[in-house]
Amino acid sequence: MKNMESLMQLSISTKAFKSKSPKSISTFVTVALMAGLVLISCGKKEGAGMQAGPIPAMPVGVVELNPTAVPISAETVAQTEGAKEVEIRPRVGGILLKKMFEEGAPIKAGQTMFLIDPVPFQIALTNAKAQLAQQEARVVQTQREAVRLEGLLASQSISKREADNATSDNSMARAALAQYEAGVREAQLNLSYTTVTSPLSGIAGRFELSEGALVNANSSLLTKVSQISPIWVRFSLSDSELALLGGHLTPARVKEVGLILSDGKEYAAKGQLNFAASTIDPQLGTQQLRATFANGDKTLLPGQFVRVRVTTGTRKGVFLLPQTAVLNGDQGKFVFVAEKTPDGKAVAAIRPIVEGGWQGKDWVVLSGLKAGELVIADNLIKVRPGAAVDPHPYTETPPLPVKPAGK
């Protein structure tokens, strides 16, 4: 304001000199302009000095560290499968007359599922029985002949060779009889195979063919039956995940196996590890694992994708931090903490950390921090090392800003 008043006074003085000579006026104007430039320059410096001042501390939400205990666990994607899964294939070929079950329905062991045309096999059985009867008569005849010739041999009416031939004929007839008996049993078995039954209890799959189709023995796939109570869950863990759990897993080392369904809910029943590969897959770098779960209400079906959580123990003296507090850098993960300076102010400082995976929505921090430290969890995009901060308790949902009165 003082500079403006000085310029106005110079302007008034210039008007007063209009009555003077041109030379005097020119000299006066030059002096006035130089004085005005000096005044404007001083005004800028004065304004800059008025604007300069300390930068206000950045308000940040902080989490005070308190050591806690968390389970030593790892989560991974898994897939369910039937504890027993069998393919239903016909053991004899023929025309498929009838399907005798509902697709997707429960099946009991021994239940009839398909009927193959039995007439050709009934005829084969009748033929086998007729051949057996003929051979039985042949055995009786040779037996009777052998006995008769033995009597004649005793009276020396025939040679010993003739008696021996009769005995041999009877032995050969008996051997053929055993062959025909086996043929009858085979025909009976083939006839029984025209009724296709389920070897186990479970859930029937989709019918792959249609009634009236010609099926081939042991090759045509009719359907599948899966035993789903209990149900198996197959998964694998990488080297890094195994390291977090303490190394190579065995059923004895695993304390608990939990299941998380696709909707995020945890399955009520806990599972048990029933298979752990003794080697690491060289192509995938993982250990193949399998767990079994009770499934009496048939909530789980084969082929579902779920998440499995394996727990091997408890880790004590760790810290839990919200997801927003942990950042990534060239040297790994780190956090900002609000630490006190000697004059009592709070400034941001970097702390490299070693994380141990997730616990719910929080990071598990194994090392790099101390109890009681204040970790900055919000406004991190504006925080810089050494910058002044104004810490306040962190909440995941920040409060709405208060509108000043009168605005």
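The values are calculated or read from the model by the stated rules, or taken from the named source; none is laboratory data. Quick caveat, the model's predicted, so the values are computed rather than measured. Methodologically, a virtual Cβ is constructed for each residue, glycine included, from the backbone with ideal geometry; neighbour enumeration extends over all protein chains shown.
Report yes if residue 324 is among the hydroxyl-bearing types (Ser, Thr, Tyr), outside any loop (DSSP other than H, G, I, E, B) and out of contact with any Lys or Arg (no Cβ under 6 Å at 6 or more places or on another chain), otherwise no.
Against the criterion (among the hydroxyl-bearing types (Ser, Thr, Tyr), outside any loop (DSSP other than H, G, I, E, B) and out of contact with any Lys or Arg (no Cβ under 6 Å at 6 or more places or on another chain)), residue 324 qualifies.
Considering (1) buried (at least 16 other Cβ atoms within 10 Å of the Cβ); (2) over 30 Å from residue 115 (Cα atoms), say which one residue 302 fails and leave the rest.
It fails just one condition, (2).
Given the criteria outside any strand (DSSP E or B), of a type outside the set (Val, Ile, Thr) and either touching a helix residue (DSSP H, G or I) at 6+ places or on another chain (Cβ under 9 Å) or not assigned by TED's automatic domain parsing to the domain that holds residue 295 (or both), does residue 132 qualify?
Yes, satisfied.
Which one of 135, 156, 143 is crowded, with 19+ Cβ neighbours inside 10 Å, of a type outside the set (Gly, Ala, Ser) and without any contact (Cβ under 8 Å) to a residue 60 or more places away in the chain?
Checking each option against the conditions leaves just 135.
Could you check the stretch 233-284 and list, in sequence order, the residues that are in contact with a helix residue (DSSP H, G or I) (Cβ under 8 Å, 6 or more places away or on another chain) and at positive phi?
Within the stretch 233-284, none qualify.
How about the stretch 272-309: which of its residues are among the aliphatic types (A, V, I, L, M) and not in a strand (DSSP E or B)?
Result: 277, 280, 284, 294, 300, 301.
With the stretch 173-247 as the region, which strands (runs of 3 or more DSSP E) entirely inside it contain at least 1 residues that are surrounded by fewer than 16 Cβ atoms within 10 Å (Cβ to Cβ) and under 30 Å from the mean Cα position of the chain (by Cα)?
223-238
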